[in-house]
Amino acid sequence: MSSCDLCVVRNRAICAALDPEELNALNAIGRTRTLKAGEALIWEGEDSVIVANVIEGALKLSTITEDGREQIVGVVFASDFIGRPFGGKSGHGVTALTEAKVCAFSRADFDAFARAHPQLEHKLLERTLGELDRTRRWMLLLGRKSASEKVASFLLELVERLAAANGCAIEFEKPAVHHVTLPFTRQQVADLLGLTIETVSRQFTRLKNEGIIDLPSRRDVTILDYDGLVAEAA
């Protein structure tokens, strides 16, 4: 069996559009790579030479500001696609937040394969437009929402992304308990949301005191009242 046959995100990644023969051809140009937490896969500003499907784990997309600070501009999970096909330089670095596994391709090989398989290009376009929509929502969050709304929106986004990464769907009409392990430190959450770490900690504590979430540990969050969190996110 090829690695594509055994892939846990086979039906959710962009390669889901391919038939078995095409998958075998794609498998021939890819290789599975395991990354340790903190290990970089793509470097900002360098030529785009690698693209990849995420199989397991979480990776951050980040850029370095002029004064040397890192700014996280996105996060990818299982079944997400990373890299910049069809040329150009990488606009951000990609680094593993947790131990991660990716299916990596030479960008030149992937470009040639995608041009020969329009259905793969179509899936790639769908993913790109979905990422654009997510970016626009994030711009609204950063520009217009209060600190409490930002933290609540962040938790909802994380739950929904992790559910999608696991092949699940959130049933929004039913209250449910959801547990997530944050792939971020509190400081990284603050940087993502444009807040101070003290503000983030206060909002987490307030949500816990109001019975909306529980905090079993520094990195673990249990959402006890999903509808309440939705209301907090406005």
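Brief remarks on what is shown
- Hey, residue 63 surrounded by 20 or more Cβ atoms within 10 Å (Cβ to Cβ), among the polar types (S, T, N, Q) and assigned to a strand (DSSP E or B) or not: no
- Selection status of residue 28, farther than 18 Å from residue 135 by Cβ, over 13 Å from the mean Cα position of the chain (by Cα) and not assigned by TED's automatic domain parsing to the domain that holds residue 184: yes
Conditions (1) modelled with pLDDT under 85; (2) in a strand (DSSP E or B); (3) under 22 Å from residue 98 (Cα atoms), marked per residue:
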{"site": "1", "(1), (2), (3)": "yes, no, no"}
{"site": "9", "(1), (2), (3)": "yes, no, yes"}
{"site": "23", "(1), (2), (3)": "no, no, no"}
{"site": "31", "(1), (2), (3)": "no, yes, yes"}
{"site": "34", "(1), (2), (3)": "no, yes, yes"}
{"site": "38", "(1), (2), (3)": "no, no, yes"}
{"site": "44", "(1), (2), (3)": "no, no, yes"}
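- Note on region 176-204: residues that are assigned to a loop (DSSP other than H, G, I, E, B) and surrounded by fewer than 17 Cβ atoms within 10 Å (Cβ to Cβ) amount to 5.
- Flag for residue 73 being modelled with pLDDT under 90 and either of a type in the set (Val, Ile, Thr) or in contact with a Gly (Cβ under 9 Å, 6 or more places away or on another chain) (or both): yes
- Candidates are the residues of region 120-147 that are at pLDDT 80 or above, among the hydrophobic types (A, V, I, L, M, F, W, C) and in contact with a helix residue (DSSP H, G or I) (Cβ under 6 Å, 6 or more places away or on another chain); the one that is surrounded by the most Cβ atoms within 10 Å (Cβ to Cβ) is 120.
- Search result, residues across region 89-115 that are in contact with a helix residue (DSSP H, G or I) (Cβ under 9 Å, 6 or more places away or on another chain) and either of a type in the set (A, V, I, L, M, F, W, C) or under 20 Å from residue 72 (Cα atoms) (or both): 97, 103, 105, 110, 112, 113, 114
- Residues located in region 70-104, provided they are outside any strand (DSSP E or B), touching a residue at least 40 places away in the same chain (Cβ under 8 Å) and over 15 Å from the mean Cα position of the chain (by Cα): 88, 90, 91
- Number of the condition not met by residue 207 [criteria: (1) in a helix (DSSP H, G or I); (2) of a type outside the set (Asp, Glu); (3) at pLDDT below 85]: (3)
- Test result for residue 99, among the charged types (D, E, K, R) and touching a Ser or Thr at 6+ places or on another chain (Cβ under 9 Å): yes
- Selection status of residue 37, in contact with a Cys (Cβ under 8 Å, 6 or more places away or on another chain), assigned by TED's automatic domain parsing to the domain that holds residue 108, under 23 Å from residue 91 (Cα atoms) and not aromatic (Phe, Trp, Tyr): no
- Only listed residue being surrounded by fewer than 17 Cβ atoms within 10 Å (Cβ to Cβ) and hydrophobic (A, V, I, L, M, F, W, C), chosen from 100, 104, 112: 112
The values are calculated or read from the model by the stated rules, or taken from the named source; none is laboratory data. Predicted, not measured: the structure shown is a model, and the values here were computed from it. Methodologically, a virtual Cβ is constructed for each residue, glycine included, from the backbone with ideal geometry; neighbour enumeration extends over all protein chains shown.
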